[in-house]
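Q: Structure below; questions to follow.
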Amino acid sequence: MTLNMVENTTVKVRKKENMTNKILIPINLFVLMLLFGFLTFVYAENPPENILQNGDFDNQLDQWHHWTHASANAIFQTEGRKAEPIIGDNAAYINIAKAGENVGHIQLYQQPFFLKKDTIYTYGLWAKSEEPRNATMRIIHQGAPWNIYISQVISLTEIWKEYFITFTMPEDDVNSRAGIIMGTDRNDVWVDHVRLYKGQFVQDIEGVEPHAVEPVNKLVTTWANLKYKE
């Protein structure tokens, strides 16, 4: 009789432990999901301040400038759902009918803004193209002697990719200019989510692999030192 009571008690205890485990496991998972979701929310909602305005082209091409050399022919506009924008409802769309004589002959850029000497900045953007082609990310001084702070060729494909350059500003500049130039190829280009901010690269869109690019110009160079001119 005593043995049966002990066995029954043991079985009840085991059942209770099993039930407790069944309850605790989903609770723990739920807590982890909440914690992970909270961290993701904080991560996504606190990106560094973007120096550039209208980087997602929600306001069409407001704050953005474009320039096309007489040797080239391009139309600058925004495209909505068809472009499958990275963020928001629009992406910049550069419809190129005729390539220029050099890469600087078709440009999309924003200016002016202040960059501070000895400060680390990251310049990043998303881009794709009609067919594989090259373009160039660039930050320069707007005006003579057209100092170039960073300049790097990026390889575009039909799939959206994120490209970024981290650099240290060599001097104070109250008239800086950031953009993408694409003059030597007639394949169309799309650009979205353009950012310029202080510090190292911060990934604000999860589940993607950003492409770091090393700036060609480690020190300031002048426009005259390049093979192409405006």
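Q: Checking the structure you have, find out if any residue of the stretch 115-128 is in a strand (DSSP E or B), in contact (Cβ under 8 Å) with a residue 24 or more places away in the chain, over 24 Å from Ala72 (Cβ atoms) and of a type in the set (A, V, I, L, M, F, W, C).
A: Yes, some residue in the stretch 115-128 is in a strand (DSSP E or B), in contact (Cβ under 8 Å) with a residue 24 or more places away in the chain, over 24 Å from Ala72 (Cβ atoms) and of a type in the set (A, V, I, L, M, F, W, C).
Q: List, please: which pairs have Cβ atoms under 9 Å, are six or more places apart or on different chains, and start with a residue in the stretch 193-207 that is over 22 Å from Tyr93 (Cα atoms) and end with one that is acidic (Asp, Glu) and at pLDDT 90 or above?
A: These pairs meet every condition: Tyr197/Glu49; Lys198/Glu49; Gln203/Glu162.
Q: So which residues in the stretch 44-93 are modelled with pLDDT of 95 or more and acidic (Asp, Glu)?
A: Of everything in the stretch 44-93, those that are modelled with pLDDT of 95 or more and acidic (Asp, Glu) turn out to be Glu49, Asp56, Asp58, Asp62, Glu79, Glu84, Asp89.
Q: Could you please find all residues in the stretch 137-151 being surrounded by fewer than 20 Cβ atoms within 10 Å (Cβ to Cβ) and farther than 16 Å from Pro112 by Cα?
A: Answer for the stretch 137-151, where residues must be surrounded by fewer than 20 Cβ atoms within 10 Å (Cβ to Cβ) and farther than 16 Å from Pro112 by Cα: just Ser151.
Q: For the stretch 53-106, give me the residue count where each residue is at positive phi and either touching a Cys at 6+ places or on another chain (Cβ under 8 Å) or buried (at least 21 other Cβ atoms within 10 Å of the Cβ) (or both).
A: Residues in the stretch 53-106 being at positive phi and either touching a Cys at 6+ places or on another chain (Cβ under 8 Å) or buried (at least 21 other Cβ atoms within 10 Å of the Cβ) (or both): 1 in total.
Q: Please give the number of the condition Ile96 fails out of (1) in contact (Cβ under 8 Å) with a residue 60 or more places away in the chain; (2) in a loop (DSSP other than H, G, I, E, B).
A: Result: Ile96 fails condition (2) only.
Q: Exactly one condition in (1) among the acidic types (Asp, Glu); (2) farther than 23 Å from Ile87 by Cβ; (3) not in a loop (DSSP other than H, G, I, E, B) is false for Asp185; which is it?
A: All conditions pass for Asp185, except number (3).
The values are calculated or read from the model by the stated rules, or taken from the named source; none is laboratory data. Quick caveat: nothing in here was measured; it's all calculated off a predicted structure. Positions of Cβ are generated from backbone atoms using ideal geometry, with glycine treated the same way; all protein chains shown enter the neighbour counts.
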